[in-house]
1. Is it the case that the range 19-27 has a residue that's in contact with a Gly (Cβ under 6 Å, 6 or more places away or on another chain) and either surrounded by 14 or more Cβ atoms within 10 Å (Cβ to Cβ) or of a type in the set (Val, Ile, Thr) (or both)?
2. As an exercise: evaluate Gln55 against (1) in contact (Cβ under 8 Å) with a residue 24 or more places away in the chain; (2) in contact with a helix residue (DSSP H, G or I) (Cβ under 9 Å, 6 or more places away or on another chain); (3) outside any helix (DSSP H, G or I) and give the number of the one condition it does not meet.
3. Could you count how many residues in the range 44-88 are over 14 Å from Cys22 (Cα atoms), surrounded by fewer than 19 Cβ atoms within 10 Å (Cβ to Cβ) and not charged (D, E, K, R)?
4. Hey, among Arg44, Arg80, which residue is part of a strand (DSSP E or B) and modelled with pLDDT of 85 or more?
5. Select from the range 70-96 the residues that are out of contact with any Pro (no Cβ under 8 Å at 6 or more places or on another chain) and among the charged types (D, E, K, R) and list them in ascending order.
6. Taking the range 61-82 only, how many residues are farther than 21 Å from Thr103 by Cβ and in contact (Cβ under 8 Å) with a residue 12 or more places away in the chain?
7. Looking only at the range 59-115, which residues are of a type in the set (D, E, K, R) and farther than 26 Å from Leu11 by Cβ?
8. Of all the residues that make up the range 58-71, how many are of a type in the set (A, V, I, L, M, F, W, C) and either in a helix (DSSP H, G or I) or touching a Cys at 6+ places or on another chain (Cβ under 7 Å) (or both)?
Amino acid sequence: MQVYDACVEALTGAGLIVIPNCHMLNPGWCCSENDGNGLWFNDRWPAAKFFAAWQDIAARYQENPLAAGMDIMNEPRRARVGWRVRTPTWGTGDKTDVAAMYTAPASADRPSRAWVAPPRPAAPSARAARTRP
């Protein structure tokens, strides 16, 4: 985190906006259904641990106005969790609901920070999100 902090400080010190982002939970190369990185939880990262980590990051940069957004799960996709392949959903309220996943951490953060949500899974564009924000 010291290196990451130094990067955020240097970038925002130069006037650039920073949006922390999560592409993968486990180290390795992205992206396959079998890499376990398509959702915000997997066998090694329970959802509660993931949300706690993002709450820590949001709190860490709370006072930095140029840490202007949080992209907590970039490009969610199908992933094998345990022995089951799970598909991200949008607006369903179930365990793989991307919209619901953003609600808790975003509501606990400062109102001026954007929480970047991806378009609906398998949607060809973000236009589909207009009907189910």
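The values are calculated or read from the model by the stated rules, or taken from the named source; none is laboratory data. It should be emphasised that the depicted structure is a prediction, and the values quoted were computed from it without experimental measurement. Positions of Cβ are backbone-derived with ideal geometry, glycine not excepted, and every protein chain shown enters the neighbour counts.
1. Checked against the condition, which is being in contact with a Gly (Cβ under 6 Å, 6 or more places away or on another chain) and either surrounded by 14 or more Cβ atoms within 10 Å (Cβ to Cβ) or of a type in the set (Val, Ile, Thr) (or both), the range 19-27 yields at least one hit.
2. The single condition Gln55 does not satisfy is (3).
3. Residues flagged as over 14 Å from Cys22 (Cα atoms), surrounded by fewer than 19 Cβ atoms within 10 Å (Cβ to Cβ) and not charged (D, E, K, R) within the range 44-88 amount to 13.
4. Working: Arg44 fails: part of a strand (DSSP E or B).
Sole residue among the options that is part of a strand (DSSP E or B) and modelled with pLDDT of 85 or more: Arg80.
5. Arg80, Arg84, Arg86, Asp94, Lys95
6. Pass one, the range 61-82, residues farther than 21 Å from Thr103 by Cβ: 63-66, 78, 80, 82.
Filter once more, so that each one left must be in contact (Cβ under 8 Å) with a residue 12 or more places away in the chain: 64-66, 78, 80, 82.
So the count comes out to 6.
7. Applying the first criterion (of a type in the set (D, E, K, R)) to the range 59-115 yields 60, 63, 71, 75, 77-78, 80, 84, 86, 94-95, 97, 109-110, 113.
Within the range 59-115, Arg77, Arg78, Arg80, Arg84, Arg86, Asp94, Lys95, Asp97 meet the criteria.
8. Residues of the range 58-71 of a type in the set (A, V, I, L, M, F, W, C): 58-59, 66-68, 70.
Now restrict to residues that are either in a helix (DSSP H, G or I) or touching a Cys at 6+ places or on another chain (Cβ under 7 Å) (or both): 58-59.
Residues flagged as of a type in the set (A, V, I, L, M, F, W, C) and either in a helix (DSSP H, G or I) or touching a Cys at 6+ places or on another chain (Cβ under 7 Å) (or both) within the range 58-71 amount to 2.
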